[in-house]
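This report refers to the structure that appears directly beneath it.
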């Protein structure tokens, strides 16, 4: 058995489970009412993102991100129409997105996004993505709850860098 110090792909923790749903507002309402989760972030048409609504809910160490199309015929809308509601992204926290990505690709994973820096007024994070299911189109982009929609099905990221 290997120890975390010996493991080449040590996972520090789960950052978020990302869902693609037909109605993100309804899904967020259900999870907040039924499970007591608290909405901590929102992005959508009202905030300058016309194609989708994103609700981030948290409870303890759990973070769920619900993404729903705001208009028909968007990439996300086509995905939900074809596959229904479901998990599209598992964002993991690792010590180095670069090392985790390189290790995964070297061991047969299909790389979707090479490691790159996302930065805004609130901080920085390095994200990368690998596919876990080849026939499901890639949808979301990594560890930051409201990271731009770019493409991973499964993403690896490490903690936001201190400013």
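The values are calculated or read from the model by the stated rules, or taken from the named source; none is laboratory data. A quick note: this is a predicted structure, and the numbers were derived from the prediction, not measured. Methodologically, a virtual Cβ is constructed for each residue, glycine included, from the backbone with ideal geometry; neighbour enumeration extends over all protein chains shown.
Tabulated data for the structure shown
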{"quantity": "Filter result (under 13 Å from residue 11 (Cα atoms) and either within 19 Å of the chain's Cα centre (by Cα) or modelled with pLDDT under 85 (or both)) within the range 100-110", "calculated": "100, 101, 104"}
{"quantity": "Residue match in the range 138-145 (condition: under 14 Å from residue 20 (Cα atoms), at pLDDT 90 or above and assigned to a loop (DSSP other than H, G, I, E, B))", "calculated": "no"}
{"quantity": "From the options 53, 81, 70, 91, residue that is crowded, with 20+ Cβ neighbours inside 10 Å and without any contact (Cβ under 8 Å) to a residue 40 or more places away in the chain", "calculated": "53"}
{"quantity": "Subset of the range 118-129 (residues that are in contact with a strand residue (DSSP E or B) (Cβ under 9 Å, 6 or more places away or on another chain) and more than 16 Å from residue 15 (Cβ to Cβ))", "calculated": "119"}
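For every residue, the table says whether it meets (1) at pLDDT 95 or above; (2) within 19 Å of the chain's Cα centre (by Cα); (3) surrounded by 15 or more Cβ atoms within 10 Å (Cβ to Cβ); (4) under 20 Å from residue 93 (Cβ atoms).
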position: 2; (1), (2), (3), (4): no, no, no, yes
position: 5; (1), (2), (3), (4): no, no, no, yes
position: 8; (1), (2), (3), (4): no, no, no, yes
position: 15; (1), (2), (3), (4): no, yes, yes, yes
position: 18; (1), (2), (3), (4): no, yes, yes, yes
position: 40; (1), (2), (3), (4): no, yes, no, yes
position: 47; (1), (2), (3), (4): no, no, no, no
